[in-house]
Amino acid sequence: MKIVIVGAGKLGLKVASSLISPDNYITLIDINPAVIQKANNEMDLMAVTGNGLRFDVLNEIKISEHDFLIALTDDDEKNLVISSIAKGLGCRHTIARLRDPDYSQQLDLIKKTFNIDYIVNPDKLISYEIFSYLMNTHKSLNQFFTGATIGMLEVKSDSIPGISGQKVLNAAAYIENLLIVSISRKGKIIIPKSHITVESGDTLYLLGKKQDIAALSAKIHIKNEGALVKKVMIMGGGKTGYYLGESLSKAGISVKIIEKNRERCEYLSEKLTDVLVLHGDAADISLLQEENIAGMDAFISATGYDEDNIILSLMAQHYGVKEVIAKTSRGNYSMLTDTIGVNTTLNTLEITASHILRLVQKGSFVLSSFFLQGQAEVLEVMVHRDMTITDKTLQELELPEGVLVALIYRSTGAIVPDGSTEIKEGDRLIFFSMLADVPKLERILQGTKKKFFRI
């Protein structure tokens, strides 16, 4: 596949590195020579200094021969025009990043007018994941894969008698034929290694056959409790705060947004009539106390600075807020947040990059996918004859630490794999992957036995 990425910011570089494989020819375009030089030195792609708006730049790279152009500059209007020009010059598919809320109500018209295939909004994506997390915290997930024979069930450990205190290795006796493929503990998704102990209060994600899921559901009488989140405080009235405030207020939840820019407060007050917008500094303890932070059901720190979001989240936890989420954009903060005890962090960059990867791969080897609490992704993959993983054992794949092959579905039935299990053509593999490890998994899956040389 031939792919052009215009814009070598954090998202552009993240998407480029995720798509690099022997079967993808990636071209990265940016107007900053220093960024392009660095990309040329560190990444296996063609990096070009130039303006993606210029016809001659796009013609020089033969845009008409490309499968995708992904416009990820920091300017919405540029992304629209670049995508439109590329499509007019013969590029098969285009993706444009578009963040301005004023565009959000007319996306279909914009796509039709500019002849764009897909529009990606990072702020809307992460706000959707935060919204889903808050609204589904007390509901059970019942997700089925292609063919509806294999599914995933979300269940509280306390609803399964005897399982709390048991190691994952010994949990099978309590969940019959189902597998624990992920555990959510105090807001964090973790991989269920065999030595990990199931604790009271854990949320378990169980994988198995449809009939076994139905049997366990009936046995423990799973029922949706509904969202218990009624009052939410959002720190930061940027685009993420806007989209999240809008979604939560429409769901009947009481929302307070604290924003230090007065003009932005006026904009939010005008647009979000059912949201209380407060002008103030999120670091002002007296303001938070005055606005009853201790009485909030959820606290979302969505300022434009990762460091502030982490500190503010710790502050909210100190006041006893049950659901605390920090928005981040740097992957290297994950170890820090785990160490200092931030409940839940959602990474805008990883969520958006994974979403773009699914758009590029639409109709290819990924049959279905969905996020788990915005921190991990579950993928159903069809194995083709030419893929490098075909006829290899799982041990030979050298999968990243944060990736698990949960189940293999073969014509002869479902297989719980181990390191010696060999992958065959036609297998359907169900992967669980932490978002930070998705790019590495992608490179493994994208590799094919048929190589080509770049000239």
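The values are calculated or read from the model by the stated rules, or taken from the named source; none is laboratory data. Keep in mind that what you see is a predicted model, and the values were worked out from it rather than measured. Because the Cβ atoms are built from the backbone with ideal geometry, glycine has one as well, and the counts that use them run over all protein chains shown. Protein only, heavy atoms only, side chains kept; ligands, DNA and RNA dropped before computing areas. Shrake-Rupley method; radii C 1.70, N 1.55, O 1.52, S 1.80 Å.
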(Q) How charged is the neighbourhood of Leu429? Take every other residue with its Cβ under 11 Å from the Cβ of Leu429, and add Lys/Arg as +1 and Asp/Glu as -1. (A) +1
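Per residue Cα convex hull volume for the range 109-215, in cubic angstrom? Write out the running numbers ahead of the final one.
Details: hull volume 15.1 nm³, N = 107.
Per-residue hull volume (Cα only) is 141 Å³.
Using Cα pairs closer than 8 Å and at least 6 residues apart in sequence, work out the relative contact order for the chain, in percent. Spell out each step's value before the answer.
Details: 919 pairs, mean separation 58.2, N = 455.
13 percent.
Report, in deg cm²/dmol and to the nearest 500, the calculated mean residue ellipticity at 222 nm for the chain, where each DSSP H run with n ≥ 4 adds -39500 (n - 2.57) and the sum is divided by the residue count. Kindly include the intermediate steps, with their values, before the conclusion.
Values: 16 runs with 151 residues, N = 455.
So the helix-based figure for the chain works out to -9500 deg cm²/dmol.
Using +1 on the beta carbon of Lys and Arg, -1 on that of Asp and Glu, and nothing else charged, what's the dipole of the range 1-99 about the Cα centre, debye to 20?
Values: 11 positive and 12 negative charges, 35 e Å.
Dipole of the range 1-99, to the nearest 20 debye: 160 debye.
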Q: Using only Cα atoms, locate the centre of the range 104-128 and the centre of the range 343-398, then give the distance between them in Å, rounded to an integer.
A: 23
Q. What Kirkwood hydrodynamic radius do you get for the range 1-85 when you take the inverse of the mean 1/r over all pairs of distinct Cα atoms, in Å?
A. 12.6
(Q) Largest first, please: the extent of the C-alpha atoms of the range 359-435 along each principal axis, to the nearest Å. (A) 31, 27, 23
Q: Leaving ligands, DNA and RNA out of it, report the carbon-plus-sulfur percent of the accessible area of the range 1-127 at a 1.4 Å probe.
A: 51
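Quick check for me: using +1 on Lys/Arg Cβ and -1 on Asp/Glu Cβ, what's the dipole size of the chain about its Cα centre, in debye to the nearest 20? Before the final figure, lay out the partial values.
Details: 50 positive and 55 negative charges, 200 e Å.
Taking the Cα centre of the chain as origin, the dipole is about 960 debye.
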Q. If you wrap a convex hull around the Cα atoms of the range 1-144, how much volume per residue is inside, in Å³?
A. 143
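Between Tyr305 and Ser411, how high is the FRET efficiency from 1/(1 + (r/R0)^6) when r is the Cβ-Cβ distance and R₀ = 56 Å? Nearest 0.05. Display every interim value, and only then the final one.
Values: r = 52 Å, r/R0 = 0.93.
After rounding to 0.05, the efficiency reads 0.60.
Do any trypsin sites (Lys or Arg not before Pro) in the range 81-177 lie in a DSSP loop with no more than 16 other beta carbon atoms within 10 Å, and if so, which?
Working: sites: Lys87, Arg92, Arg97, Arg99, Lys111, Lys112, Lys124, Lys139, Lys156, Lys167; in loops: Arg92, Arg99, Lys139.
Hits after loop and neighbour filter: Arg92, Lys139.
Are any of the pairs Lys112/Lys239; Lys231/Lys260; Lys124/Lys167 more than 31 Å apart by Cα-Cα distance, and if so, which? Present the calculation step by step, with values, prior to reporting the outcome.
Values: Lys112/Lys239 24 Å; Lys231/Lys260 21 Å; Lys124/Lys167 38 Å.
Beyond 31 Å between Cα atoms: Lys124/Lys167.
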Q) Using the Cα atoms of the range 226-320 to build a convex hull, what is its mean projected area in square nanometres? A) 5.6
Q) Full extension from Asp23 to Leu109: what is 0.36 nm times the residue separation minus their Cα-Cα distance, to one decimal in nm? A) 27.5 nm
Q. For the range 15-138, what is the percent of antiparallel DSSP beta bridges, rounded to the nearest 5?
A. 10
Q) Within the range 149-250, which GluC sites (Glu not before Pro) sit in a loop by DSSP and count at most 16 neighbouring Cβ atoms inside 10 Å? A) Glu176, Glu199, Glu225
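Of the DSSP beta bridges with both residues in the chain, give the percent that are antiparallel, rounding to the nearest 5. Provide the component values of the computation, followed by the final result.
Working: 44 of 85 bridges.
So the antiparallel bridges in the chain amount to around 50 percent.
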Q | Whichever lysines have a C-alpha closer than 16 Å to that of Lys10, once near sequence neighbours (fewer than 8 apart) are set aside | A | Lys38, Lys327
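What do you reckon, how do His355, His195 stack up by accessible area (1.4 Å probe), largest on top?
Working: His355 60, His195 125 Å².
The most accessible residue leads, giving His195, His355.
Which is the longest run of the chain containing none of the chymotrypsin sites (Phe, Trp or Tyr not before Pro) found in DSSP loop states (not H, G, I, E, B) with at most 11 other C-beta atoms within 10 Å? Could the numbers behind the result be given before it?
Details: sites that count: Phe452, Phe453.
It runs 1-451.
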**Q.** Most positive-pole-ward Cα, Asn121, Phe144, Leu357, against dipole of the chain from beta carbon charges
**A.** Phe144
(Q) What does the charge count around Gly374 come to, taking other residues whose C-beta lies under 14 Å from its C-beta (Lys +1, Arg +1, Asp -1, Glu -1)? (A) -2
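Could you list the square roots of 5 times each eigenvalue of the Cα gyration tensor of the range 76-166, that is, the equivalent ellipsoid semi-axes, sorted largest first and rounded to whole Å?
Ellipsoid semi-axes (Å, largest first): 41, 17, 10.
So what is the accessible area of the chain per residue, in Å², with the probe set to 1.4 Å? Walk me through the numbers before you get to the answer.
Values: 20460 Å² over 455 residues.
Normalised by residue count, the accessible surface of the chain is 45 Å².
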Q: Translational diffusion coefficient, Stokes-Einstein: compute it for the chain using the Kirkwood radius over C-alpha pairs as Rh, at 10 °C and 1.306 mPa s, and state it as an integer in µm² s⁻¹.
A: 67
